[in-house]
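**Q** Below is the structure I would like to discuss, written out as structure tokens.
The values are calculated or read from the model by the stated rules, or taken from the named source; none is laboratory data. None of these values were measured; they are calculated from a predicted model. Cβ sites come from the backbone with ideal geometry, for glycine too, and all protein chains shown count toward neighbours. With ligands, DNA and RNA removed, areas are computed over all heavy atoms of the protein, side chains included. Shrake-Rupley method; radii C 1.70, N 1.55, O 1.52, S 1.80 Å.
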Amino acid sequence: MKLSVWTYEGPPHVGAMRVATAMTGLHYVLHAPQGDTYADLLFTMIERRNHRPPVTYTTFQARDLGSDTANLFKTACQDAYDRFKPQAMIVGASCTAELIQDDPGGMAETMGLPVPVIALELPSYQRKENFGADETFFQIVRALARPVEKTTQVTANLIGPTALGFRHRDDITEVTALLEEMGISVNVCAPYGASPQDITRLGAAQFNVLMYPETGEAACRWMERELGLPFTRTVPIGVGATRDFIREVSELSGLPAKLDEARLRLPWYSASVDSTYLTGKRVFVFGDGTHVAAAARIARDEMGFEVVGLGCYNREMARPIRALAKEYGVEALISDDYLDVEARIEELAPEMILGTQMERHIGKRLGIPCAVISAPVHVQDFPARYSPQMGLEGANVIFDTWVHPLVMGLEEHLLHMFREDFEFHDEAGASHHGGAHVPREAGGPSAPHAEIPQDFDAPPEDISGQKKAPGEVIWLADAERELKKIPFFVRGKARRNTELFAAERGMQEIGIDTLYEAKAHYAR
């Protein structure tokens, strides 16, 4: 273990909390010391849920370690059942409580509670949150699901959405609509919104839709083997993936593929003249494996971006992400250390980041626009509005989320470029005042000068005041001024191309002519 300012995943018992909180009629008894009781903060503050998570803690203290902590656990279990009367219970230990080896599962089994009690063995010091969610849901399904009679009409189960998931609530609505358009009803959605009684009915469906492999693949594989339920492999994030998903559902269900694309806007704009300035933007993609794979495909095939780097923090997805990176001709970054991610972003100097809440902060420091595509996220990524990632409306949402930072960057550039114009400089005052405006030096109310941000990619200055780029190439003052007229989100690329152009020709100085010659050279 190590202390860290940020972490991509919590310990595995947080994953178990996500499953328990997503379900109804299920209660989680967690053997944990005082101080590990942060479930309320996670789900009511960050996800803004309107009810408390169904988690009961033993909350033993240091003075209890010399006495019978096992009895504390049994008392907490009995009190939880008496108060909440759940249909089933799951029991386990936090990473700290795991050290005292009280065996919560074994103790709970001896209590004779009148509901199923499912013991969780989550190795806190080897695995993390996504594994905890996947394993918890798998254990619940294995304990409760049984072969049952199939529904008369074609139905499917939605598998994988949990509490504290990135847009899971809205993705359920979107995928349900996609299936209903083909005449397929949802039998059970689990764990989100399901009860233990619902879990017993999973086998009645004809197939499973695996929405999030990180949190539902183990259960899907077990149901395929034990209940004869095949499951989808395509996650419908993006236009191309949604079309592939519909074809796969058609093959599994035997029903004709149907997809109404009337409300889809992304392909039209991607092919329009207005979008051409986005083509070739260099992007770096990082997050959980499922969302990274989807985002890389959208970035390259649907937005015309260039993927210059990608990676994931959950090591369970390392193999497919490395294979994907090889396909894209880049080196995969598999790491749960945000400092490694920051160093890779600085090295690659992309024009946009597609990442998590961590990368949003990294982008702020480096002056690079960032769009969030994956958990971990903060409150702003649990919007009150309908904002899915999956399906056709999800494609529209993704397009807005990715393009807006670049468009607003262009606006900022234009404001900066015209700040010295006689009509728009800081001393000109508000435009609606017209000729009645009184300058500040004459006692008027105009705002003070805004500090001009320093470009993150600007080279250091030497003692003569001239700016030196890597490799001792000197930028002359006229070239520097002209470079600043280029929008900041492509300025780094223009600087690199010009320096490469100069280095290949043995130039020691870059003037305005060199800048234009380099531009013409790369335009060809």
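**Q** Beyond 18 Å between alpha-carbons counts as too far, so tell me which of Lys484/Lys519; Lys493/Lys519; Lys485/Lys519 fall in that bin.
**A** Numbers: Lys484/Lys519 14 Å; Lys493/Lys519 11 Å; Lys485/Lys519 14 Å.
As for pairs spanning more than 18 Å Cα to Cα, there are none.
**Q** Let me know the volume per residue of the alpha-carbon convex hull for segment 191-317, in Å³. Present the calculation step by step, with values, prior to reporting the outcome.
**A** Details: hull volume 16.9 nm³, N = 127.
For segment 191-317, the hull spanned by Cα atoms encloses 133 Å³ per residue.
**Q** Under the rule of at least 5 residues apart or a separate chain, name every residue whose amide H is placed under 5 Å from the amide H of Tyr57.
**A** Amide H to amide H, under 5 Å and 5 or more residues apart or across chains, Tyr57 pairs with Leu30.
**Q** Which order do the peptides 511-519, 286-294 take when ranked by the mean count of other beta-carbon atoms within 10 Å per residue, highest first? Mind showing how you got there, number by number?
**A** Values: 511-519: 17.0, 286-294: 26.1.
Taking the mean over residues of other Cβ atoms within 10 Å, the ranking is 286-294, 511-519.
**Q** Here's another thing I want to ask about it. Carbon-plus-sulfur fraction of the accessible area of segment 202-245, 1.4 Å probe, in percent?
**A** Values: 530 of 1180 Å².
Result for segment 202-245: 45 percent of the exposed heavy-atom area is carbon or sulfur.
**Q** Moving to a separate point now. What list of ³J(HN,Hα) couplings, whole Hz, do you get for segment 347-363 from phi and the Karplus terms 6.51, -1.76, 1.60, once you set θ to phi - 60° and write x for glycine and proline?
**A** For segment 347-363, the Karplus-derived couplings read 5, 7, 6, x, 8, 7, 10, 10, x, 10, 4, 4, 5, 4, 5, 4, x Hz, x marking Gly and Pro.
**Q** Given the Cα-Cα distance of Thr44 and Lys519 and 0.36 nm per residue of separation, how much length would full extension add, in nm? Mind showing how you got there, number by number?
**A** On the way: separation 475, 0.36 × 475 = 171.00 nm, distance 5.27 nm.
Roughly 165.7 nm would be gained on extension.
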